[in-house]
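This report refers to the structure that appears directly beneath it.
None of the figures in this text is laboratory data; all of them are computed from the coordinates on show. Computed from a predicted structure; not experimentally measured. Because the Cβ atoms are built from the backbone with ideal geometry, glycine has one as well, and the counts that use them run over all protein chains shown.
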Amino acid sequence: MHTRTLGQGLEVSAIGLGCMGISQSYGPNPGDHAAMVQVLRDAVDAGVTFFDTAEAYGPFHNEEVLGEALEPVRDQVVLATKFGWQITDGQITGLNSRPEQIRRVAEESLKRLRTDRIDLFYQHRVDPDVPMEEVAGAVGDLVAEGKVLHFGLSEPGAHSLRAAHAVHPVTAVQSEYSLWTRDPEPEILPACAELGIGFVPFSPLGKGFLTGQVTTSSFGDGDIRATIPRFQEENRQAN
């Protein structure tokens with residue numbers, strides 16, 4: 001497996017494993033817990049060292065599965081997880097990146113992931129109610145304590161990225177990017193190149209469309225693609 005070095009010296013496998021689908025969004029969700037644990041361990045055997053999760057996936061279930069699967073090989077892998085949502089009674093009810101919330105999420109994620117540090121801690125979405133300087137400062141405090149090693153942002157604008165990086169170095173930006181999702185090209189990719197920040201694309205195969213295997217607009221229960229306009233029948237055929 002080839003490797004890549006993200007900003008601030010974080011070395012990861014060139015191909016990472018986005019784990020959201022273990023718990024949600026591409027339904028029906030896998031029900032065999034033992035099989036999912038084995039998938040994660042098989043990925044390690046195949047050379048994957050970069051695993052992406054979030055407290056919001058499930059919620060919480062995804063981190064728990066990764067914690068169980070990767071605990072025996074913890075020092076061989078890079079774990080990325082995310083904060084930024086308010087989760088109430090198992091439901092996402094809005095954004096929340098207040099400093100006290102960031103710390104609470106970090107502490108709980110550490111327990112679910114069965115680890116003493118989060119390698120890469122992303123803000124899942126920019127919170128317009130919390131200045132980016134406060135967010136970066138809160139993550140910086142966790143870095144100083146050794147509970148987080150690297151700071152990341154998911155789908156930020158260029159202004160937010162620069163504001164965060166000015167307070168605490170940003171190691172990686174994660175945004176959707178593929179042959180049919182080119183939004184990062186005008187501003188985000190140049191900013192990352194200028195500032196020395198790694199870029200981690202999610203859905204690089206267009207949520208499956210670019211594999212050529214999506215031949216219908218009928219998806220199973222819980223499949224997010226049923227709600228995405230480009231997957232509706234007329235659009236799918238045009239694409």
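At-a-glance table
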read-out: Computed helical MRE - 222 nm, the chain, DSSP H runs ≥ 4 contributing -39500 (n - 2.57), nearest 500; value: -9500 deg cm²/dmol
read-out: Coordinate range along principal axes, alpha carbons of the chain, Å, largest first; value: 49, 42, 41
read-out: Under 5 Å, built H, 5+ apart or other chain: amide partners of residue 174; value: 153, 154, 155, 200
read-out: Beta bridge orientation in the range 146-227: antiparallel %, DSSP, nearest 5; value: 10 percent
read-out: Listed residues 17, 113, 210, most fluctuating in the chain (Gaussian network, C-alpha, under 10 Å); value: 210
read-out: Bridge type composition, the chain - antiparallel percent by DSSP, nearest 5; value: 30 percent
read-out: Cut-off 11 Å between beta-carbons: net charge of the residues surrounding residue 28, Lys and Arg +1, Asp and Glu -1; value: -2
read-out: ³J(HN,Hα), Karplus 6.51/-1.76/1.60, whole Hz, each residue of the range 131-142, x for Gly, Pro; value: x, 4, 4, 5, 4, 4, x, 5, 5, x, 5, 5
read-out: At R0 = 30 Å, FRET efficiency that the Cβ-Cβ distance of residue 116 and residue 92 yields, to 0.05; value: 0.65
